[in-house]
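Below is one structure, written out as structure tokens; the observations come after it.
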Amino acid sequence: MTIDRANSALLIVGHGSTVNPDSSSPTLAHAAEIRRRQIFADVECAFWKEEPSLRDALFLFDPELVHEVYVVPNFISEGYFTQTVIPRELELNDRVTKRSNGQIWKYCEPVGNHPMMTDLLLQRARQVARDVDPRETSLLIVAHGTDLNENSAVAAKREAEKIRALGKYATVLNVYMEEPPLVSDWRKLTKTSNVVVVPFFISDGLHSYEDIPRQETAPRAARGEVFQPNPYKIEDRSLFYAPSIGTDAGFADIIIEQAAKFDSDRSHDGGMN
């Protein structure tokens with residue numbers, strides 16, 4: 001790490017939710033883990049739909065103690081929130097913004113863009129289906145889809161292509177909640193006896209607890225227990241269902257790496273805009 005932790009802070013930005021209490025839980029957990037490692041002078045979170053708000057974040061760090069703030073969006077992909085909402089609410093001029101109080105704010109890429117995401121997806125798939133042969137298994141990466149979240153669909157496709165190229169699984173597919181190929185068509189899309197489903201979401205919520213299980217027609221367990229009965233036996237198939245990738249503890253490492261990558265990329269570019 002090239003970050004001078006004595007004078008640098010980390011701000012992790014999440015979407016949050018007014019109806020889903022689990023939405024912010026992974027972001028808060030990752031912040032707590034990074035705080036424990038003492039890499040930064042301070043580590044805070046801010047949310048679009050929860051407190052502290054993005055506007056509140058402007059006042060979270062004492063300029064006398066913190067000279068640089070690394071802003072890492074805890075989002076799967078680039079899109080409306082990372083390109084419009086976060087810069088607007090945090091009053092960011094570009095990738096690098098100098099405040100009137102002298103602080104330098106560095107706007108990093110979202111976590112889902114990091115190359116480590118591929119290994120994290122593979123690790124999550126192995127964890128949920130330890131005893132099955134990947135060569136006899138289909139892996140489904142599930143994103144939301146629809147025009148409202150086009151980049152999320154692109155990110156899922158990118159990760160599926162990267163994993164497919166490794167040749168570990170019999171089939172690797174990017175599937176979606178609201179656009180073809182649909183996760184609800186998993187029986188037609190896959191031929192293997194084992195199917196592993198990994199939601200490509202930041203947090204578990206209605207999609208993870210209800211919507212995807214409903215489309216898979218798997219027996220639905222109580223909230224928070226839907227991941228426990230693996231594998232689900234459906235007809236003659238074994239379906240393994242993982243929690244959303246954003247709940248993985250490895251996201252803390254990716255958040256740190258995105259901050260470090262910012263300085264590395266800028267030095268290769270020859271400076272800051």
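The values are calculated or read from the model by the stated rules, or taken from the named source; none is laboratory data. Owing to the predicted nature of the structure, the values given are computational and were not obtained by experimental measurement. Using ideal geometry, Cβ is built from the backbone for each residue, glycine included, and neighbour counts are taken over all protein chains shown. Note: areas computed on protein heavy atoms with side chains; ligands, DNA, RNA excluded. Shrake-Rupley method; radii C 1.70, N 1.55, O 1.52, S 1.80 Å.
Sort Leu239, Leu173 by heavy-atom solvent-accessible area, probe 1.4 angstrom, most to least.
Details: Leu239 0, Leu173 40 Å².
Listed by decreasing accessible area, they come as Leu173, Leu239.
For trypsin sites (Lys or Arg not before Pro), the sites in region 49-94 that DSSP calls loop and that have at most 16 other Cβ atoms within 10 Å are Lys49.
At 1.4 Å probe size, with every protein chain present, just tell me what the per residue accessible area of region 31-172 comes to in Å².
On the way: 6870 Å² over 142 residues.
Counting only protein heavy atoms, the per-residue value for region 31-172 is 48 Å².
Our estimate of slack between Ala32 and Leu182, defined as 0.36 nm per intervening residue step minus the Cα-Cα distance, is 50.4 nm.
Between Glu235 and Asp119, the C-beta separation translates, for a Förster distance of 22 Å, into a calculated FRET efficiency of about 0.10. Multiplying each eigenvalue of the alpha-carbon gyration tensor of region 1-91 by 5 and taking the square root yields semi-axes of 22, 15, 12 Å, largest first, rounded to whole angstroms. Under the membrane-span-like helix rule (DSSP H runs whose alpha carbons stretch at least 30 Å along the helix axis, mean Kyte-Doolittle hydropathy 0.0 or higher), the chain yields none.
Taking 8 Å as the Cα distance limit and 6 or more residues as the minimum spacing, I'd like the relative contact order of the chain as a percentage.
Details: 495 pairs, mean separation 53.8, N = 273.
Over the chain, the number comes to 20 percent.
A 1.4 Å probe over all protein chains sorts His15, His144, His67 by accessible area into His67, His15, His144, starting with the largest.
The GluC sites (Glu not before Pro) found in region 4-79 that occupy coil by DSSP, while having at most 11 further C-beta atoms within 10 Å, are Glu64.
Within the same chain, lysines fewer than 8 places from Lys191 are excluded, and of the rest, those with a Cα less than 17 Å from its Cα are Lys168, Lys233. In this label model, Trp48 and Gln127 are separated by 2.6 nm, measuring between points 7 Å along each Cα→Cβ vector. A helix-only calculation puts the chain at -8500 deg cm²/dmol for mean residue ellipticity at 222 nm, using -39500 (n - 2.57) for each DSSP H run of at least four residues, averaged over all residues.
For region 59-164, the fraction of 1.4 Å probe accessible surface lying on carbon and sulfur atoms is 48 percent. Inter-label distance, Lys162 to Thr146: 2.7 nm, where each label sits 7 Å from its Cα along the C-beta direction.
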